[in-house]
């Protein structure tokens with residue numbers, strides 16, 4: 001390795017550019033190697049996933065509140081900004097000598113290796129990605145630094161032969177130095193372009209090889225799904241979309257998404273497998289074809305995230321198609337004393353679902369393969385996920401599921417270790433969708449509309465009051481089943497001025513949602529939703 005003299009210090013902009021290009025080369029190389037070995041070992045993603053795992057729960061809640069379903073994008077962008085800032089600092093302190101920058105990239109490599117090792121689901125081969133990233137990054141940094149320093153030395157030689165000295169000494173020597181400077185700058189420019197193009201190419205190829213196209217082809221090959229037991233058609237009047245509520249069925253592209261996956265796992269159906277084991281009489285190992293050969297049913301189910309605040313948007317309804325989990329568990333033979341099924345996804349997320357919920361003949365918990373008539377979207381668990389009516393998703397709806405272990409409550413899951421409750425039935429709640437907060441509406445007769453939900457119990461009635469007046473019963477939409485939301489609406493005569501409207505729901509067990517406000521942790525928020533608006 002060459003050693004730059006203090007007399008040939010690089011310019012600040014050049015030093016920062018060298019560091020940024022070297023770090024980009026490192027990340028791209030790591031991403032490419034990860035695509036060939038283990039996609040989740042991509043250094044950028046491995047560090048990001050580890051950051052998610054280690055982030056304190058209040059910070060996670062704040063991120064969801066601030067960014068909603070874009071929280072992972074915000075994390076990736078934030079990581080990029082931090083890495084770029086650190087790289088810039090590393091470049092600036094390497095203006096005379098490349099050693100500080102090389103040390104910085106080594107540190108990035110060690111961080112990537114530590115993050116990869118912390119993911120217990122990854123094989124040892126996964127370490128090749130961060131190791132390659134570190135080696136490529138150091139090589140790129142050394143090469144660019146050497147080329148830039150050579151150009152700087154040429155600059156020094158040219159500046160030591162000003163025109164008046166050249167006239168006295170040798171004009172040809174001056175011209176030679178000037179040509180050398182131009183050549184050195186050109187070599188550095190070409191080197192930088194080569195590194196940038198190679199990085200872009202490696203990153204693009206890595207992305208293509210990481211499974212996006214294979215999974216897309218796999219979904220297309222499955223085609224339209226035809227369940228053995230089809231759901232009854234959604235009745236007319238199941239929603240009041242013309243009054244401001246959502247449509248009864250949420251389109252796949254609009255279905256909320258909350259999970260821990262920084263990179264969406266991409267598993268072709270042909271490579272998927274499910275192991276059922278633990279406290280069972282017979283261990284099962286199922287392929288996707290095995291699942292497709294079994295009895296499948298279709299059912300509309302409303303899903304709610306436990307992170308949904310009062311009045312929040314993390315609720316959607318879809319017609320899921322899948323194999324009843326009670327059939328799978330019955331075939332395995334659940335032993336006495338079993339209490340939960342510990343489900344694990346391909347990215348090592350775990351959830352614990354009560355045995356009685358999965359075996360309840362009236363609940364229809366599913367190993368779902370389809371959503372609204374098509375194979376599951378990749379973001380929602382393709383090729384197979386769990387869906388359990390009446391329970392918040394963090395204990396019942398594992399996406400990309402690949403392992404089911406029948407066990408006891410002694411085994412703690414991903415979110416339990418972070419302060420969330422062991423059991424989490426969805427709470428009876430309602431939400432006002434129209435009018436919106438601080439909206440201005442014409443005075444007189446207006447329509448207030450919204451949704452209510454109480455899976456697996458069902459909604460009996462919804463009441464509304466204005467400005468803390470008397471409660472008035474709202475009109476309910478047609479009922480589909482007890483595992484789905486119901487829409488409501490009511491017409492009110494309002495005078496000009498500001499008004500506050502509140503709603504509360506009563507489920508079929510006779511329970512009326514409480515007015516007491518509690519946060520989402522540890523088992524879901526409660527409270528009446530209220531909206532302030534102005535009639536004029």
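The values are calculated or read from the model by the stated rules, or taken from the named source; none is laboratory data. None of these values were measured; they are calculated from a predicted model. Don't worry about glycine lacking a Cβ; one is built from the backbone with ideal geometry, like all the others, and counts go over all protein chains shown.
Odds and ends about this structure:
- Being in contact (Cβ under 8 Å) with a residue 60 or more places away in the chain, within 32 Å of the chain's Cα centre (by Cα) and over 30 Å from residue 45 (Cα atoms) is a description that applies to residue 231.
Quick grid of which residues meet (1) under 30 Å from residue 472 (Cβ atoms); (2) touching a helix residue (DSSP H, G or I) at 6+ places or on another chain (Cβ under 8 Å):
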residue	(1), (2)
352	no, yes
355	no, yes
368	no, no
385	no, no
415	no, yes
442	yes, no
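- Only listed residue being under 19 Å from residue 428 (Cβ atoms), without any contact (Cβ under 8 Å) to a residue 24 or more places away in the chain and surrounded by 14 or more Cβ atoms within 10 Å (Cβ to Cβ), chosen from 462, 518: 518
- Residue 385 being surrounded by 21 or more Cβ atoms within 10 Å (Cβ to Cβ) and without any contact (Cβ under 8 Å) to a residue 24 or more places away in the chain: yes
- Across the stretch 309-336, the number of residues qualifying as touching a residue at least 60 places away in the same chain (Cβ under 8 Å) and part of a helix (DSSP H, G or I) comes to 4.
- Pairs, first closer than 17 Å to residue 261 by Cα in the stretch 396-418, second part of a loop (DSSP other than H, G, I, E, B) and at pLDDT 95 or above, C-beta under 6 Å, six or more apart: 396/388; 399/381; 400/381; 401/384
- Flag not set for residue 403, criterion: buried (at least 22 other Cβ atoms within 10 Å of the Cβ) and either at pLDDT 95 or above or not assigned by TED's automatic domain parsing to the domain that holds residue 343 (or both).
- Of the strands (runs of 3 or more DSSP E) lying entirely inside the stretch 415-474, those containing at least 1 residues that are over 28 Å from the mean Cα position of the chain (by Cα), within 15 Å of residue 302 (Cα to Cα) and not assigned by TED's automatic domain parsing to the domain that holds residue 316 span 459-466.
- Among the candidates 503, 495, 509, the residue that is crowded, with 22+ Cβ neighbours inside 10 Å and touching a residue at least 40 places away in the same chain (Cβ under 8 Å) is uniquely 503.
- So residue 264, is it over 30 Å from residue 233 (Cα atoms), modelled with pLDDT under 95, in contact with a helix residue (DSSP H, G or I) (Cβ under 8 Å, 6 or more places away or on another chain) and not in a helix (DSSP H, G or I): yes
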